Structure formats: C-alpha cells, structure tokens
1. Taking region 457-469 as the search range and keeping residues that are at negative phi and within 7 Å of ligand 1 (Cβ to nearest atom), which one is modelled with the lowest pLDDT?
2. Looking at region 69-88, is at least one residue modelled with pLDDT of 90 or more, under 26 Å from residue 428 (Cβ atoms), away from ligand 2 (no atom under 16 Å from the Cβ) and not in a helix (DSSP H, G or I)?
3. If you take the residues in region 158-206 that are within 14 Å of residue 461 (Cα to Cα) and assigned to a loop (DSSP other than H, G, I, E, B), which one is nearest to ligand 1 (Cβ to nearest atom)?
4. When region 133-181 is examined, which residues are found to be more than 16 Å from ligand 2 (Cβ to nearest atom) and under 18 Å from residue 353 (Cβ atoms)?
5. Can you find even one residue in region 96-107 that is closer than 19 Å to residue 427 by Cβ, surrounded by 10 or more Cβ atoms within 10 Å (Cβ to Cβ) and modelled with pLDDT under 85?
6. Would you be able to say whether some residue in region 371-384 is assigned to a loop (DSSP other than H, G, I, E, B), within 16 Å of ligand 2 (Cβ to nearest atom) and in contact with a helix residue (DSSP H, G or I) (Cβ under 8 Å, 6 or more places away or on another chain)?
7. In the list 448, 444, which residue meets the criterion of being within 28 Å of residue 200 (Cβ to Cβ), in contact with a strand residue (DSSP E or B) (Cβ under 8 Å, 6 or more places away or on another chain) and modelled with pLDDT under 90?
8. Exactly one condition in (1) in contact (Cβ under 8 Å) with a residue 60 or more places away in the chain; (2) under 21 Å from the mean Cα position of the chain (by Cα); (3) surrounded by fewer than 18 Cβ atoms within 10 Å (Cβ to Cβ) is not met by residue 152; state its number.
Ligand SMILES: Nc1ncnc2c1ncn2[C@@H]1O[C@H](COP(=O)(O)OP(=O)(O)O)[C@@H](O)[C@H]1O
Ligand SMILES: [Mg+2]
C-alpha cells in the first residue's frame, strides 16, 4: 500500500507498506480523483520507516513472538502489524510533472492533500502516453531497469540536429550503446561518421552500409584538395615547424602555385634545391618525408574521396579506423577529414551527418568542438560525444547538450561534477548513477522527454571489435 506521508523541501515522502515493491527510478501517481488532477513523481531514494518509539515497537514485537511460540505458533494480527511496520519504507520522490484535467504540465504549484488522495505505481509507458508524445521513428534503446521486458522506445528523430553525450567508466558499455544508435540511424537511411579510435565500429558481416577507412590504405587525401592555410597549420601545430621555416615554405608554395606546378612532390623537390638556410631546409624536408611516409597525403587523385563514401541513397556509417596511429597522425587524419566534412556540409553538397566522437579531447581541443557546437544546426551536424572522463568536456558543451546517457559512476568527484553540469538535480543524479547495475544507464533530456529513465542497454553482435581482451580466461574469473 502506498500513501502520501509528507513533504520536505522539494521531496514528497510516500509511505510504502508491504506488499508493494517500488524501486529507485520508478514512477508514482498521486491522484485527487474528484478534482481530476494528479502529480507524477519519481522515486529518487528509499529509506526505512523511522517512527518515534521504534525501538519500543521492535521490543514489543520480540515479545509478541515469544507469546506466539508459547501459543504454539498461531499467527496473530499483532505480529502481522509489527512485520508491516518493520518492512515499511519511506520513498523520497521528486515531482516530474502534473496532470490537470487531462493535460500534462511540467511543473505545478499544487500540493495534494494527504486526506483525499490515492497513490499508485505507474509504468513508464503510462507516463509516456500521459505526456502524449508520439514517436515519429520509434526505436528501442534497451529495457527498462524496473520493468523487465518493457522496452524503452524513443523517437530516433530526436537525435537529429542534437548534441548528445554518453558517459561512463571504461568498460561500462558506452561504445555498445553508441553502436546501437549508429545501427538504428543507418537502418533508417542516416549517414554516420565515427571517429573510431579502437577500430570497433566495423561490422562482422560484409555490408555496403558500413565502410571502414584505414588511413594510408583506403583513406588518402589528395594534396590538391588541401589549402595552403590548412597545410601550413598542420606543419606548424602538429609537426612543430618553427616560424622561420613557415615563411620559407609559404614562399615556395606561392611560387609553385603561380607557375602551375604545385604538387607534394614538387614542393619537396623545390625545398631540397632552394637557396635557404640548411637548418630550415632539413627541418622542412624531415617533416615532409614523415608526411609522405604515412601515405595519408598523396599527389594522386583517389578514385573515391572521403566525402564520396557518404554519397549513397541508403544509410551509411563511415568509420575512421585509428587504432595504432600515433597521436600526431591521428590528429592529422581527423583534422583533414573534419575539414573536408565541414566544407561539404557548409556548401550543402553533403546531407546532414551524425558524428560520433569517442574521447574527443584526445585529438582536437575543446575550442574546436565548442565552435562546432555553435555551428552544428546551421551545418546539419548532429553530435555524439562518448567519453570515460566527464571533465574532459567543457561546461559549454554540457550546457548545450540535448540528451545525455550516463552509466554507473561511483567516484564522488565525478558525480559532483556531473550534478553541476547536467540539468538533473544533484540528489536524483547521485541516487540514480551510484546505484546503477552493470550495462545500465540513466537516459535523460530530449530523447526521453526530460523524464530520467533507467535503461538496461542491449548487446549487439553485429560489430567486430570492442570486446575486452583479457589474459586470464573466463573460467578463472568466475571465482
Ligand atoms: N548491454 C550489454 N550486454 C552485454 N554485454 C555488453 C553490453 N554492453 C557492453 N557489453 C560488453 O562489455 C564490454 C565493454 O563494452 P564497451 O561498450 O566497449 O564499453 P566502453 O565503451 O564503455 O568502454 C564489451 O566486451 C561489450 O561487448
Ligand atoms: Mg568504448
């Protein structure tokens, strides 16, 4: 049985006496039937009932048990009542909205009476229907933690044009959730671009909808497609080319361009024979040779450019396989591909793209991502940041985020940080994410209509990588 017990600050306290089974994350409805209004609450914490004289009560029960034993074990109502008191709990709940005359409102000033109201548990699906949201492209992100078998069906279109963040400790299941989203998007005709630092987004069966690009093999950038400022900024920022050398290469570049002989090969040759300081020449040649040896930049025009990979009438996932690349080359590949991608989006020659960036701070600084976030709607870019380290993303990114998926965190510092940067109040956040079982995440924001839902994510077998490689075999780990 559930009953309205009290209200302290923002929390409603509901008394739960057996046999109800309400857990953290579940939803309750307090209704005042005559006035056709109700409050929707979500349980954020559970405490044992503590009443004055509790100790006395327990002793009374102990005594009662003795009496029962003497009375040859006949159950008495006093024992039952005692059991109920001991098993009773107080559910601390937060208001998630109100239903007034059949209409849903996010907030209300109404405080229900303790006398006239009834309290009952409601399913998440009931809440969703109460809120009247219609899923244009329904898709399941997993099962509800509290309702096994109850799928969390969300609207895929809510990811379109949105900034989404997936957070969790290493091995929590972030990439698996990202793959679920990629698969659903591709199945619905969307184009996804994945910055795949662990080579785990390629599918195990051959599929023309999933393309994995290996730098230097099926991913090469034509030298002619790279502008002078981009080329020079690469040498300067990634290869630490000193200012004096930059002036020289810039001059040589212009000369070659004027004469119509600009190519990677001729640039190198021209530098080798130029009347310049030996140190400058060596510095330039060394860096150009390094670039050439990677096979990433070539004079040849590749049959298919990186951008062509997205051109398809069907859905497509293009992933950059970056495992094994040094940090400099990883940055280089990402910079070149992002430049081309953004140029094509800007000019409108490419359809909107869903970009999945794993550990984005490792290869571009936050100012790059912040700039992208401010321009994403105009560009037609939907963003997904996936990271182990919540603090690697800036507050600006969190403030702009539409939906967020958080797996279990137990570290107080992480939780404190997240409660500062997400919309969710710190008590709900702490209660939810520090108690989340494995493979379960808290999903909130636009994707769940701002109702925080606890979701058990689904395993996927379609993708090749992503399995945790261990030295000790499973049999040993059972103990
Ligand atoms: N919902 C799930 N059910 C079963 N196994 C899962 C699930 N999610 C992830 N895994 C497994 O857990 C391991 C880590 O998952 P992964 O998504 O790579 O974690 P993360 O990206 O957070 O480090 C992988 O071996 C993956 O196959
Ligand atoms: Mg991962």
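The values are calculated or read from the model by the stated rules, or taken from the named source; none is laboratory data. Model, not experiment: these values are computed from the prediction. Cβ placement follows ideal geometry from the backbone for every residue including glycine, while neighbour counts extend to all protein chains displayed.
1. The selected residue is 467.
2. Looking through region 69-88, none of the residues is modelled with pLDDT of 90 or more, under 26 Å from residue 428 (Cβ atoms), away from ligand 2 (no atom under 16 Å from the Cβ) and not in a helix (DSSP H, G or I).
3. The qualifying residue nearest to ligand 1 (Cβ to nearest atom) is 173.
4. Selection gives 137, 156, 157, 158, 159, 160, 161, 162, 163.
5. Checked region 96-107: at least one residue is closer than 19 Å to residue 427 by Cβ, surrounded by 10 or more Cβ atoms within 10 Å (Cβ to Cβ) and modelled with pLDDT under 85.
6. no
7. 448
8. (3)
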